[in-house]
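None of the figures in this text is laboratory data; all of them are computed from the coordinates on show. Predicted model only: the values in this text are computed from it and were never measured. For neighbour counting, all protein chains shown are included, and Cβ atoms are generated from backbone atoms with ideal geometry for every residue, glycine included.
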Amino acid sequence: MAEPVYEVVSPAGDARDAPPAPGKPAGAAPLSGLAGKRLGLVWTAFANGDIVLRALRAQLAARYPDLEFVEMAPGRGLAWGDHPDPSIAELAREHRIDAAIVTAGC
């Protein structure tokens, strides 16, 4: 059986197709790899998003044993699973994460 291939697709489209909006920062450059990185897991009001994140963590931990995971709240003073808040950027800096996986819901 072939190895599964996973692709991340944004509902907003491919950011590489358009320049950033005036006054908006460009996205971060992609990581060169996951070895030795800190990965934030953020559950934001997506039904069963916590289950998805923990399943992804198990798969990634098996492949990258030195990858560190941080279950991050979606904003200051919020619980895991709450709707996101702009203060999430501050928390990401405080947790010193290199990247994040976010399960976003409405």
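Below are the figures for this structure:
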quantity	calculated
Assigned charges on the beta-carbon of Lys, Arg, Asp, Glu; segment 35-104 dipole about Cα centre (debye)	200
Cβ-Cβ FRET estimate between residue 62 and residue 31, R0 fixed at 22 Å, reported to 0.05	0.75
Viscosity 0.890 mPa s, temperature 25 °C, Stokes-Einstein D of segment 35-104 from Kirkwood C-alpha radius, µm²/s	204
Separation of the residue 80 and residue 3 label points, Cα + 7 Å toward Cβ, nm	2.8
Cβ-based exposure ranking for 82, 66, in which fewest neighbours within 10 Å come first	66, 82
Neighbour-count ranking [beta-carbon atoms within 10 angstrom, fewest first] of 71, 94	94, 71
Distance between modelled label sites at residue 70 and residue 47, nm, 7 Å Cα→Cβ extension	3.1
Cβ-based charge dipole, segment 35-104, positive-most Cα from 75, 62, 92	62
